[in-house]
Every structure is written in C-alpha cells, then in structure tokens.
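Down below is the structure, laid out as structure tokens.
All of the numbers you see were taken from the coordinates with simple rules; none came from a lab. Because the structure is predicted, anything quoted here is derived from the model rather than measured. All Cβ positions, even for glycine, are placed from backbone atoms using ideal geometry, and neighbour counts span all protein chains on display.
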Amino acid sequence: MQSAKYKLLEFFLLFVLFPATLPLPYAIWIKGAIGLLGFAYVIWILVRVEKIRFFYAEKLDWKSFWKRLSVLFPAILLLTTGYVWLVAPQHLFFVPRNNLLLFLFILLVYSILSVWPQELLYRTFFFKRYEGLFKNTHFLVFVNAIVFCLAHLFFRNTLVLILTFIGGILFGLTFLKFRSTTLVTIEHALYGNWLFTVGMGQMLGFPGMET
C-alpha cells in the first residue's frame, strides 16, 4: 500500500476515474454508494496505514493564519461582490435577504458535511499519500487543484470549475504552509460560505437560490 505503483493506481481510481464518471447518467444511489465506500477507504488508510490521529490538539499557528486571511479574504470579497454586481445584480445577497433560515441552514450543512470531508480527502489524504511522488512542490499543488476541479465536473458549469481550480491552489498552499486540516477547513468554509452569501450559490448548485 506504500509502493509508488499502488499509490498511482489509488490516485487514478479516487481522484480521476470516479469523479470523471459523475456527470454520466447512472443511478444517483450508485454514485453515492461508491462515494461513501471511497471515503471509508480514505479514512481507513489515514488511520491504519498513515497513522493519522484525528482527535488530538494540533499546534496551530493562528497568528500567521489570520494574517494570511486578512490579505486574501478582502480581495476575494471585493472581486466576487464586483462580479455578481456586474453579471447578475439580481442575485446579490439574494438568499440572506429573502430566506435567512435557509441561508443559515446552508452555511451549517455546507461547512460540516461538505467542506470538512473535502479537505480531509483533497488536502490531508492527498498530500500525505502523494507528496513523495512529486519532486516539484508547485506541480504538486497544480495537480491537487486540477483533481479538486475535476471533482466538481458534475456541475457542468465552467465558472464552478474556474472557482474550484483557484480554490484548490489556495487551499493546497495553505495546507503545505500550516499542515493543518483544521485551518484549511476554516479557510475553505469561509470562502465557500461567502460565495453563498454574496449571491453565487445558484451557480454552485444549491437550492433556494433562484430570484
């Protein structure tokens, strides 16, 4: 399970083949079952093979983390607000203005059931398993962003793929800097929840976003 050949096959099955099949028209319950089995395999590998401990106190560099976010988040806030205002002003802050309970529900569900599993798979597992296969760190982050983008292919939306590629670059760099699932999950949740807040949730496939 630690050989390069095994890891390459594992990488292909988990991060290329399965995501590439998601846009295909086969039963949703089959997709869900395969996804759950794959995630269970990831947890098993992290715990039994890579000896990752989930419930222990990480030594987190909060100061550097918040300093990084203080630069990145305002830039993202301005760019995304400007984009929605120019392209679809009717969507600007639509959900928090019109359905506050749905908005809060989306933030909670997205952060817990979507962001954390994604970061566990695409950052913690990915970098732990495959970092040693790459000699170039920049190429490692690039590949990580590509497969993170591929995971969202089923949305069939070009802008979603662009956003997830950019997000993959940012989250990959954050994980390499801090080596913390907790911190990269917070960053991902912050950016993702802001997209829903500003009015981009409709293009990300969430319900209740229509005007």
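The table below gives the values:
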item: Residues Lys177 and Leu13, FRET efficiency given R0 of 22 Å [Cβ-Cβ distance, rounded to 0.05]; result: 0.15
item: Between 0 and 90°, nearest 10: helix 28-44 axis offset from the chain longest Cα axis; result: 50 degrees
item: Cα-projected label distance for Thr21 with Leu100, points at 7 Å along beta-carbon direction, nm; result: 4.5 nm
item: Lys/Arg +1, Asp/Glu -1 at C-beta; the chain dipole; positive extreme among Tyr41, Cys149, Phe73; result: Tyr41
item: For region 61-69, Karplus couplings with θ = phi - 60° (6.51, -1.76, 1.60), whole Hz, Gly/Pro x; result: 8, 4, 4, 5, 5, 5, 5, 5, 5
item: For the chain, with +1 on Lys and Arg beta carbons and -1 on Asp and Glu, the positive-most of Leu140, Leu101, Gln202 along the dipole; result: Leu140
item: Sparsely packed chymotrypsin sites (Phe, Trp or Tyr not before Pro) within region 24-91, loop by DSSP, other Cβ within 10 Å at most 16; result: Tyr26, Phe54, Phe55, Tyr56
item: Computed magnitude of the charge dipole of the chain (debye, nearest 20; Cβ of K, R +1, Cβ of D, E -1); result: 600 debye
item: 26 Å Cα-Cα threshold exceeded, pairs from Lys63/Lys135; Lys51/Lys177; Lys67/Lys135; Lys7/Lys31; result: Lys63/Lys135; Lys67/Lys135
